[in-house]
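Quick note: the coordinates plus some simple rules give every number you see, no bench work behind them. Nothing here was measured: the structure is a model prediction, and the numbers come from that model. FYI the Cβ positions are ideal-geometry reconstructions off the backbone, even for glycines, and counts take in every protein chain you see.
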Number of protein chains: 2
Amino acid sequence: MLSERIQRLSGNLIREILAFTQREGVISFAGGLPAMEVMPDLDLDQVPPQLRQYGTTEGEPELRARIAEGLNRLGRACSPDQVLITSGSQQGIDLVSKLFIDPGTPVLVETPTYLAAVQSFHLFGARFFALPLSPSGIDQDDLHARLTAHRPAFAYLIPTFQNPSGYCYSGPTRIEVARQLDAAGVPLVEDEPYRELRYESVECTPICALLASAPWIYLGSFSKTGMPGLRIGYVAASPDLYPLLVRLKQAADLHSNRPAQWWASRFLGSPGYSAHLQRLRDRYRSRRDVMAAALARHLSGLARWEIPAGGLFFWVQLNRVLDTRVLLKKALEHDIAFMPGEPFFPDEDRPRGFLRLNFSHAGDDAIERGIATLAQIIRGFPG
Amino acid sequence: MLSERIQRLSGNLIREILAFTQREGVISFAGGLPAMEVMPDLDLDQVPPQLRQYGTTEGEPELRARIAEGLNRLGRACSPDQVLITSGSQQGIDLVSKLFIDPGTPVLVETPTYLAAVQSFHLFGARFFALPLSPSGIDQDDLHARLTAHRPAFAYLIPTFQNPSGYCYSGPTRIEVARQLDAAGVPLVEDEPYRELRYESVECTPICALLASAPWIYLGSFSKTGMPGLRIGYVAASPDLYPLLVRLKQAADLHSNRPAQWWASRFLGSPGYSAHLQRLRDRYRSRRDVMAAALARHLSGLARWEIPAGGLFFWVQLNRVLDTRVLLKKALEHDIAFMPGEPFFPDEDRPRGFLRLNFSHAGDDAIERGIATLAQIIRGFPG
């Protein structure tokens, strides 16, 4: 009586962890929650009254124009007519699923990759072909083999400060990925919520800016630089795909919240925007360094990790191969939360012993205490 | 390379008409736009700063509690744990599609019915079985035959001031529909955006309040009583379906805009809420009466219609059978917009000669002028 996709519906784990982390006294390294103390003010008292009425599906013109400007500055030629405002970047993923995926559709993804994207693609019936990630990106021979053998409907990549790994594709890798997608004519879906959270000087031209002919969809967010509670993100797309995304958006929720679009447009255009980003980067870089020090102090000999050049996460591989979902249960008993690594792997055969640690939300003292406790729990873990 | 559902993607007509109606000097009877002059103030300067952070998928607890209270007052026992806040009522329809519909899934709908619901169900591949509507609702023998022959996944009904017809199911029809759905065990999806826009005293207990055992989903909106630009609606559901809807919502956009939820909660709980509804009803009743008088003056002998007891629309059947999509083109040349009837019929074989006229948005003078012009256009229409 229900759709067959309901058998593929997941998502309880994350909601359970996030619900738990709202309890008093819990140190959470689980979610990707931005720090409240560096969020901009929520200044909505000047919202024009005409925004109470229905709006257009595409979104508010001023906001679309500012987003297009930003993409042009990154080298991705894009007119405002190619920008669609979404109800959070997650909605962009839902629209991508609807656009491309039927049961059995081959989809190329990184492994590990963003678990909420995997869940959405899986819900619609995607068959995953996974490209193992290294700190400089995906392997070109792997990519070539996968593109040739499976003719995927699209490649979903998070090249800049990837979730969960924190890895950032190197410049040459970006160029080579673009070349291969062009040659295969396979659409790129490039997800970039973390682009502005950059703590080191690294090359990070969007791959869609390097494409010559392949169709592309670029997903952007205001949740990390602005505030997530407004649920405002955007999709930009090549002209062949854009009108289809607009019609899918219309069927999904008509259009996005208008006061939030007004806020995002003012935020992007405000004279303090650059200074705000700098404040955000300084704060998160410092948090990252606090966590790096705590990891070195407490987890050396127990695990390996890279220091991310941006984003919100450390991706930690334990030396012992254990189910981190079971480890999480133990940690929750000690009021520590993290994200188990298993759900980030799209393959059935999920590597064990990985965990994702967020460094933006907990304070400096909590990071030190939390990592110390976590190390004790790992040491005492049976098996 | 695209999903096969993209072949079934529709929606250009409505967006084109709505884009046209934003032009200066156009008299629009097309959309279901509420009148700006009776909208509540958009008072967002007190939004608590913690609402900038991510929220829960289910929605803000105070708002969910107020909505549950409202349903309890209507006779539908419902706890706040059965209420999910959506990004507009349209998102409820998207979630219903995802919950139930695979290509070929039989779905029971009224004919005519809400075209954006038809478009969403169609996108997911629904096979429609249509129940002809009369001013007192659907026919019981029809319903019995359809339930028995097709075993639909659900019945989608708009019993109160239906869109597009304006019809309101009689009390006995409501009871009998509930009895039959219980007997067949077929879920009810009850869509009620117009419930509060009631201009006469009519019986309108929600059908879901009369069910004994069938699963149910109730779709509600703040777009007609509050303001549509916030995109806030809700879904309430029986306990078997509710957790699935929450997980589908999580995959769709994580959660809805939090300042808008805060606003809706204050609006529902404000001492002026009842007086606001009364003002809205008085204004729209008066507009309805202006349109009824204009129709009687100009369209008598050309068409038939009922006077709706609530909602936002007259459903007009021309005496001549003509394609109202072609008539619309002619009307647009005279700066008059309306909604052609054809897309409201879910069947392939679409009856011609119907049009939907909205009476909430245009002013009194514009209604009189617009209907007079429309009558001239119909008289002069070739064929």
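Summary of values
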| read-out | value |
| --- | --- |
| For A:Trp315, net neighbour charge (Lys/Arg +1, Asp/Glu -1) across residues whose Cβ lies under 15 Å away | +2 |
| Karplus 3J(HN,Hα) series, Hz, for segment B:28-39 with 6.51 cos²θ - 1.76 cosθ + 1.60 (x for Gly, Pro) | 10, 10, 7, x, x, 6, x, 6, 4, 6, 10, 6 |
| Compactness of the protein assembly as shown as Cα Rg over 2.2 N^0.38 Å, two decimals | 0.98 |
| Antiparallel DSSP beta bridges within segment B:49-269, percent to nearest 5 | 40 |
| Net charge of neighbours whose Cβ lies under 12 Å from the Cβ of B:Leu133, counting Lys and Arg as +1 and Asp and Glu as -1 | -4 |
| Segment A:40-100-segment B:170-189 distance, computed between alpha-carbon centres (Å) | 42 |
| For A:Leu211, net neighbour charge (Lys/Arg +1, Asp/Glu -1) across residues whose Cβ lies under 14 Å away | -1 |
| Segment A:104-163-segment A:349-383 distance, computed between alpha-carbon centres (Å) | 27 |
| Relative contact order, percent, segment B:49-269 [alpha-carbon distance under 8 Å, six or more residues apart] | 27 |
| Highest-first arrangement of B:315-326, B:216-227, where packing means the average Cβ count within 10 Å | B:216-227, B:315-326 |
| Partner chain coverage, peptide A:109-119 - average Cβ within 10 angstrom | 1 |
| Packing-based ranking, highest mean first, of B:33-42, A:182-191 given that Cβ atoms within 10 Å are counted | A:182-191, B:33-42 |
| Cα-based radius of gyration of segment A:259-347 once divided by 2.2 N^0.38 Å, which approximates compact folds | 1.49 |
| Shielding by partners - mean other protein chain Cβ count within 10 Å, residues of B:44-55 | 6 |
| 222 nm mean residue ellipticity, helices alone, for chain A (DSSP H n ≥ 4; -39,500 (n - 2.57); rounded to 500) | -12000 deg cm²/dmol |
| Label geometry 7 Å along the beta-carbon vector: A:Arg297 inter-copy distances in nm | 8.3 |
| Percentage relative contact order, chain A, counting C-alpha pairs under 8 Å, at least six apart | 23 |
| Prolate/oblate/rounded label for segment A:49-269 (Cα gyration tensor, a/c 1.5) | prolate |
| Considering only the protein assembly as shown, percent of DSSP beta bridges that pair antiparallel, nearest 5 | 55 |
| Residues B:Ser286, A:Ser300 arranged by fewest to most Cβ contacts within 10 Å | A:Ser300, B:Ser286 |
| Share, in percent, of DSSP beta bridges within chain A that are antiparallel, nearest 5 | 55 |
